[in-house]
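Okay, structure first, notes after.
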Amino acid sequence: MNIHTIFESRLPRRPYCSNELSQGLLIRPAIDAMEHRYIQPNAPLSVAWLVFDLDYPGAAFAWEHANLPPPTMTVINPQNAHAHLFYGLETPVVTSEAARDAPIRYAAALQAAFLAKLRADPGYAGLIAKNPYHDNWRSIWVHHLYDLNELAEWVDLPKHNAQRETLGLGRNCTMFDELRAWAYQWVREYKRNEATVSEWHRAVFAQAENLNVFDIPLPNNEVKATAKSVAKWTWQHFNESRFSAIQSARGKRGGRPATTTLSGKPWVSMGVSRATYYRRMKNDLMV
């Protein structure tokens, strides 16, 4: 399957599109959306293309100056030489409630590193991009999709990021981290007051909406997916004994792991080693 076919197959069934962004977005069947100057390249809850908006002349070859690999697609505005650079992923990164957290964090870190090296527009939301098929643009195609590890070879990724990420996929990571911290604290109160699971899910979603205060907010379906994941996991797995275990593990950080916790040896019932258990506790129980 060539890149042209892959691009078309990965489009949403009814993508956003537009000929004039100042006049708003339309929703059309994919075959009709392909006739517009701008189109939504990524399906909801999936990132198949990392797209960067370069608003300066010579943008089409900025990747060479930044010592980065060639984009899968480069879509150029011939009037000012600005461009959108598309890096196609071999395996799209899923952002639904069933998604694994690690690939999202990895892709977010790569996106931030490429953004900096390309001097791309940090305010670009990535929802809409120049349509590589439209006659208004000039497109350069490189028939290659990238594995995340392959992209990582071109940049230095920080081992830790203490800052609140507010751009691109980093918003998903920030939303998840802040929401789960809130949920860990409050799920016990809801259970103590005999709340139903539906009431808990509604409360978590409401908090997720409160946290979605980025300069470019996350789409509603991604907020819902994160809220559903956090609400479901915390309701099923988080209780007084688990909270006590976390507190005990936090108190022993920096020293030798205890042979038991306040609730005994929970790693036995979980089917993991003591080291794995405390590593998860140190990371605040990653969902």
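The values are calculated or read from the model by the stated rules, or taken from the named source; none is laboratory data. In this text the structure is predicted, and so the values were computed from the model without any measurement. Cβ atoms come from the backbone with ideal geometry, glycine included; neighbour counts cover every protein chain shown.
Restricting segment 202-228 to residues that are among the polar types (S, T, N, Q) and over 13 Å from the mean Cα position of the chain (by Cα) leaves a set whose member that is farthest from G123 (Cα to Cα) is Q207. Only residues that are surrounded by 16 or more Cβ atoms within 10 Å (Cβ to Cβ) and either in a strand (DSSP E or B) or free of Cβ contacts under 8 Å to residues at least 12 places away in the same chain (or both) were counted in segment 122-137, giving 2.
The sole residue among A113, A109 that is touching a residue at least 40 places away in the same chain (Cβ under 8 Å), touching an Asp or Glu at 6+ places or on another chain (Cβ under 8 Å) and not acidic (D, E) is A113.
Restricting attention to segment 161-189, the residues that are in contact (Cβ under 8 Å) with a residue 60 or more places away in the chain, surrounded by 15 or more Cβ atoms within 10 Å (Cβ to Cβ) and out of contact with any helix residue (DSSP H, G or I) (no Cβ under 8 Å at 6 or more places or on another chain) add up to 0. Looking at segment 144-152, can you tell me whether even one residue there is part of a helix (DSSP H, G or I) and surrounded by 19 or more Cβ atoms within 10 Å (Cβ to Cβ)? Looking through segment 144-152, at least one residue is part of a helix (DSSP H, G or I) and surrounded by 19 or more Cβ atoms within 10 Å (Cβ to Cβ).
Looking at segment 190-204, is at least one residue surrounded by 15 or more Cβ atoms within 10 Å (Cβ to Cβ) and touching a His at 6+ places or on another chain (Cβ under 8 Å)?
Pass one, segment 190-204, residues surrounded by 15 or more Cβ atoms within 10 Å (Cβ to Cβ): 190-191, 195, 200-201, 203-204.
From what's left, touching a His at 6+ places or on another chain (Cβ under 8 Å): none.
No, every residue in segment 190-204 fails to be surrounded by 15 or more Cβ atoms within 10 Å (Cβ to Cβ) and touching a His at 6+ places or on another chain (Cβ under 8 Å).
Here is a list: N210, N220. Which entry is outside the structural domain of S46 (by TED's automatic domain parsing), loosely packed, with under 15 Cβ neighbours inside 10 Å and within 19 Å of V47 (Cα to Cα)?
N220
Picking from T174, T166, which residue would you name as being out of contact with any Pro (no Cβ under 7 Å at 6 or more places or on another chain) and modelled with pLDDT of 90 or more? Break it down into steps so the answer makes sense when it comes.
Working: T166 fails: modelled with pLDDT of 90 or more.
Among T174, T166, only T174 is out of contact with any Pro (no Cβ under 7 Å at 6 or more places or on another chain) and modelled with pLDDT of 90 or more.
Any residue at all in segment 169-186 that's within 24 Å of T234 (Cβ to Cβ), of a type in the set (A, V, I, L, M, F, W, C) and not in a helix (DSSP H, G or I)?
Yes, the conditions are met somewhere in segment 169-186.
Scanning segment 44-91 for residues that are at pLDDT below 95 and under 20 Å from the mean Cα position of the chain (by Cα) returns P44, L45, S46.
With the requirement that a residue be assigned to a helix (DSSP H, G or I) and of a type in the set (A, V, I, L, M, F, W, C), what does segment 13-71 give you? If you could, list the steps in order and put the result at the bottom.
The initial filter retains those residues of segment 13-71 that are assigned to a helix (DSSP H, G or I), namely 21-23, 30-33, 59-65.
Result: L21, A30, I31, A33, A59, A60, F61, A62, W63.
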